[in-house]
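A short worksheet on the structure shown next.
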Amino acid sequence: MDKQPSSPTPLQQPQNDPQPVAYDSEGRPLYAAPPPQTTPQVVHLSRAIDPVEQVISPGVKKRHDESMRAFPHLNLSEGEFVISAVRRHPIGLFLPVGVTVFLVALTASLMINFALISDSLGLIEPPNPGAIFLCGTLLILLYLIGGYIAVWVYINNKFFLTNESVIQEIQTSLFTHHEQTVSLTNIEDASYQQQGIIQAMFNYGSIRLSTEGDETTYRFSYVTNPKQQIATLNNAVEAFKNGRPVIND
């Protein structure tokens, strides 16, 4: 009776052959199927040397030119125009103007009634009236200059809304000025706030903008009709993010 050849054992496998992972009931080796080899795909992207210029409609071009003439100090990009120029409410001028008027009136009153004041104080040798007049005049001049600077600083804080960005000009002193520009696509939230009966009566308040990513917050106070300003801003943000043209109300 012929003898059947025995099945190969692991020791009889060539060194270069794959090793079996198991054996069946008859001793035959079982091998794992090698994973399919995938060839990496390489995608080549071509980039134009000269990018295609954005097509600007005649209407947008006209509004851009009008904004450049009205606000020559603004750095507007091609096709960008001002939708709304927000300035501070005049009620904010009450404090600097009121203080200036009070100091001027007080100084003028002291100058006019200096003789009576000297007699009431019992001064033996009152100062020269000419010197008092000169000092009083210089003080009044200083008060007027200080009041003018305070008013100038106040009115030079401005807030511009364009069809692409928000530009805030901040004037903190006579020689301190800086500008903040935020793209409409980065604005995450825009809101307004009115506090107290005075702000409600005179219809002014503050607006607040928060941006995505760095969570920066921008504030602008003494805004006239803040509810309407925020509505216009939110409309511009939504239109810009959705690629629609911005239409003024």
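All of the numbers you see were taken from the coordinates with simple rules; none came from a lab. Since we're looking at a predicted model, the values are computed, not measured. Backbone-built Cβ (ideal geometry, glycine too); neighbour counts: all protein chains shown.
The table for this structure:
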read-out	value
Restricting the stretch 91-184 to chymotrypsin sites (Phe, Trp or Tyr not before Pro) in coil, as DSSP defines it, with at most 10 other Cβ within 10 Å	Phe175
Cβ-based exposure ranking for Met68, Met111, Met201, in which fewest neighbours within 10 Å come first	Met201, Met68, Met111
Relative exposure of Arg219, Arg87, judged by other C-beta atoms within 10 Å (fewest first)	Arg219, Arg87
More than 16 Å apart - percent of Cα-Cα pairs taken over the stretch 124-182	63
Estimated distance in nm for a label pair at Glu66 and Ser191, the labels positioned 7 Å out from Cα along Cα-to-Cβ	3.4
Equivalent ellipsoid dimensions for the stretch 94-153 as semi-axes, Å, which come from the Cα gyration tensor, largest first	28, 12, 6
Ranking of Leu106, Leu121 by count of other Cβ atoms within 10 Å, fewest first	Leu121, Leu106
Stokes-Einstein diffusion coefficient of the stretch 113-231, Kirkwood radius over Cα pairs, 4 °C, 1.567 mPa s, in µm²/s	71
Inter-probe distance in nm under a simple model that places probes 7 Å from Cα toward Cβ, at Leu93 and Phe133	3.3
